[in-house]
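Down below is the structure, laid out as structure tokens.
The values are calculated or read from the model by the stated rules, or taken from the named source; none is laboratory data. Fair warning: this is a prediction, and the values are worked out from it, not measured in the lab. Every residue, glycine as well, gets a Cβ built from its backbone with ideal geometry; the counts of neighbours run over all protein chains shown. Side chains are part of the model used for accessible areas, which takes the heavy atoms of the whole protein and leaves out ligands, DNA and RNA. Shrake-Rupley method; radii C 1.70, N 1.55, O 1.52, S 1.80 Å.
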Amino acid sequence: MGDAPDSGTPDLDAIKDQAIAAIHDARTTEDIRQVTAEVSGKKSPLAQASRRMGALDPDARRELGKQLHDVRSTIEALLDARRSEIAAEELATELAGSRIDLSEYIPGSIPAPAERGHLSLVSLTRDALEDVFVGMGFEVAEGPEIESDWYNFGALNIPPAHPARSMWDTFYLDLGAPESTMLRTHTSPVQIHLMEDAVAHDTLPIHAVMPGRCYRRDTPDARHLAVFHQIEGLVVDRGISFADLAGTIEVFTTAYFGPDIHSRLRPAYFPFTEPSAEYEVTCTICHGEGCRTCSQTGWIELGGCGMLDPAVFAAVGIDPEEWSGFAFGFGIDRCAQMRHQIADMRALNENDLRFLRQF
Ligand code: PHE
């Protein structure tokens, strides 16, 4: 214990007034340091006053404690304020004397943090579709975007001059060459690659989905793009029936679009499947009521499907008496459009950040 307690109550008002005056008079950082010690340090009148508390009876002690606390808060707030003022004044003086390098303060010298982008809606949709199919037991495979006539057409039971070729008119790279090559018009050629590989390595059965980019000589409109994306599905196994195909499509549809959206298959024609069907889902815009987008039918076409045609099995050397299977193919861009109610599919390709940032 330092100073012996004085008798009598300390004059807190006087202590406060003296402190205020001293703080007010401080001019420099050094001054304010000294004043801080004088008015709130260990030897300050305030500290001495608080030491007297021990000698008081409980009520008086509580009262003095409260007053001391108030005075101390006031003094400390004033010290803080004056300290900041002095620092600002000193900085201003320093700047005025140009003794520091102002370029440090130019905002442009601080590199702006690079803005991080994210996957496009098409990639996000492809990933989500893959997840659903992987959850159903499918593997994911890929194939080349440039295909020979054989993979894009021939092996899929579309011989030269077959009228179905016009449905898949495309960009030929060397039209007229003995075996012309082209930008693939669908992901169905990947079926052929997978079946050939499985035959070569004796790894049947196959349960795979194959997402990828496709090209057609189409004029882009609200529901078509010349460069678009499909996801193909292929199952080759023993005893596969049309019911397996329909069930797979329905399970996928509700898993991806939600429990209110269902699938239906309508008879159709594809040279590489028999029987073939068009795969439609409940219109996500009107939920099946009928609207402009679905031409009042309540259904939107997503793609095609069917049982593998024996001619395709023959092309890859699989015995159709032992194996059967189904395939389906539908648009990834179309799925994104349906799921997110995108009025015009061309928005997917336009790089408009206002559109892309929403996903
Ligand atoms: N490849 C067809 C298309 O692009 C879709 C399809 C895939 C049809 C598999 C049947 C089986 O239109």
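Give the distance, in whole Å, between the Cα centre of the stretch 328-357 and the Cα centre of the stretch 241-303.
Here the two parts' Cα centres lie 19 Å apart.
Take every Cα pair under 8 Å in the stretch 199-272 that's 6+ residues apart, average their separations, divide by the length, and report that relative contact order as a whole percent. Each step should come with its number before you reach the end.
Working: 62 pairs, mean separation 18.3, N = 74.
About 25 percent, as a whole number.
Would you mind calculating the relative contact order of the stretch 218-314 from Cα pairs under 8 angstrom and at least 6 residues apart, reporting the percent as a whole number? Please list the in-between numbers first.
Numbers: 128 pairs, mean separation 19.7, N = 97.
Averaging sequence separation for qualifying contacts and normalising by length gives 20 percent for the stretch 218-314.
Going by a ≥ b ≥ c, the root eigenvalues of the Cα gyration tensor, does the stretch 233-311 fall in the rounded group (a/c under 1.5), the prolate group (a/b larger than b/c) or the oblate group?
Numbers: a/c = 3.37, a/b = 1.74, b/c = 1.93.
Oblate.
Compute the normalised compactness of the chain: alpha-carbon radius of gyration over 2.2 N^0.38 Å, N being the residue count. Don't skip to the answer; put the middle values down first.
Values: Rg = 39.9 Å, N = 359, 2.2 N^0.38 = 20.6 Å.
Output field value: 1.94.
Taking K and R as +1 and D and E as -1, what net charge do the other residues with C-beta under 12 Å from the C-beta of residue 182 add up to? Numbers along the way, then the final one.
Numbers: positive: 165, 184, 216, 217; negative: 145, 147, 149, 169, 174, 179.
Surrounding charge for residue 182 is -2.
Between the stretch 138-170 and the stretch 45-90, what is the C-alpha centre distance in whole Å?
Answer, in whole Å: 88.
Just the accessible area per residue of the chain, please: how many Å² with a 1.4 Å probe?
Roughly 55 Å² per residue, with all protein chains present.
Which one, 178, 312, 328, is farthest towards the positive end of the dipole of the chain when Lys and Arg carry +1 and Asp and Glu -1 on their Cβ?
Value: 328.
All other residues with a Cβ under 13 Å from the Cβ of residue 257 taken together, and with Lys, Arg as +1 and Asp, Glu as -1, what is their net charge?
On the way: positive: 334, 339; negative: 250, 260, 280.
Result for the local shell: -1.
Answer with one residue from 285, 225, 49: the one whose Cα lies farthest towards the positive end of the charge dipole of the chain, charges on Cβ with Lys, Arg +1 and Asp, Glu -1.
49
Let's see if you can work this out: charge +1 on each Lys and Arg Cβ, -1 on each Asp and Glu Cβ, no other charges. What is the dipole magnitude of the stretch 276-353 about its Cα centre, in debye to the nearest 20? Don't jump to the answer; show the numbers that get you there.
Values: 4 positive and 12 negative charges, 75 e Å.
In total the dipole reaches around 360 debye.
Under the rule of at least 5 residues apart or a separate chain, name every residue whose amide H is placed under 5 Å from the amide H of residue 140.
Residues meeting the criterion, in which the H sits 1.01 Å from N, are 209.
Got a sec to turn the phi values of the stretch 292-302 into Karplus ³J(HN,Hα) couplings, 6.51 cos²θ - 1.76 cosθ + 1.60 with θ = phi - 60°, whole Hz, x for Gly and Pro?
5, 4, 9, 6, 6, 8, x, 10, 10, 7, 9
Sequence-distant or interchain residues sharing an amide H contact under 5 Å with residue 274, placed H: which?
Counting only residues 5 or more places away or on other chains, the set is 307, 308, 309.
Could you work out the relative contact order of the chain? I mean the mean sequence separation of Cα pairs under 8 Å and 6+ apart, divided by the number of residues, in percent.
On the way: 534 pairs, mean separation 48.4, N = 359.
It comes to 13 percent, rounded to a whole number.
Answer with one residue from 123, 159, 271: the one whose Cα lies farthest towards the positive end of the charge dipole of the chain, charges on Cβ with Lys, Arg +1 and Asp, Glu -1.
So the residue we want is 123.
Which residues' amide hydrogens lie under 5 Å from the amide hydrogen of residue 214, considering only partners 5 or more residues apart or on another chain, with H built in the peptide plane?
Here the answer is 228, 229, 230, since their amide H atoms fall under 5 Å of that of residue 214.
Go through the chain and flag any cysteine with no other cysteine's C-beta closer than 4.7 Å, please.
214, 305, 335
Apply the Karplus curve 6.51 cos²θ - 1.76 cosθ + 1.60, θ = phi - 60°, to the phi angles in the stretch 66-76 and return the couplings in whole Hz, x for Gly and Pro.
5, 5, 4, 4, 4, 4, 4, 4, 4, 4, 5
Using the Karplus equation 6.51 cos²θ - 1.76 cosθ + 1.60 (θ = phi - 60°), what ³J(HN,Hα) coupling, rounded to whole Hz, does each residue of the stretch 113-128 give in order, writing x for Gly and Pro?
Whole-Hz 3J(HN,Hα) from phi for the stretch 113-128: x, 5, 6, 8, x, 8, 4, 6, 4, 5, 5, 4, 5, 4, 4, 5.
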